[in-house]
1. In Å and on Cα atoms, what radius of gyration and Dmax does region 70-143 show?
2. Quick one: give the max-minus-min coordinate of the C-alpha atoms of region 1-43 along each principal axis, largest first, in Å.
């Protein structure tokens with residue numbers, strides 16, 4: 001088992017999360033709240049001639065199998081989803097939010113996803129996500 005970083009707040013537990021602003025590792029909501037008592041800032045990148053280039057593809061996560069890494073979205077595809085007014089509008093629906101949370105927290109997420117796809121609202125949402133991703137994929141292919 002690969003050990004993670006130690007919590008940067010309590011220094012007692014393995015961190016599971018990172019502050020979205022300053023990227024300090026923390027282990028729990030309690031530590032996050034303690035960290036947020038003092039405003040943090042995003043770390044400035046080190047000025048050097050050999051700056052790191054952020055890859056367009058996400059690196060595989062440790063639990064993914066080798067054959068799953070091709071299913072990760074490119075940064076530009078994720079950005080297209082974030083910028084879609086239609087998707088943002090759909091996500092305001094409380095029932096859709098509840099359904100997404102149910103899928104995300106399910107022991108068998110694939111089974112819950114299959115159930116959700118039976119409903120027209122979730123199917124419309126999924127179709128919109130796929131259309132947005134595929135449109136961006138075609139743009140990327142045309143640029144190549």
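Values in this text are rule-based calculations from the coordinates and carry no lab data. Given the structure is predicted, the values throughout are model-derived calculations rather than measurements.
1. Final numbers for Rg and Dmax: 13.4, 40 Å.
2. 33, 20, 13
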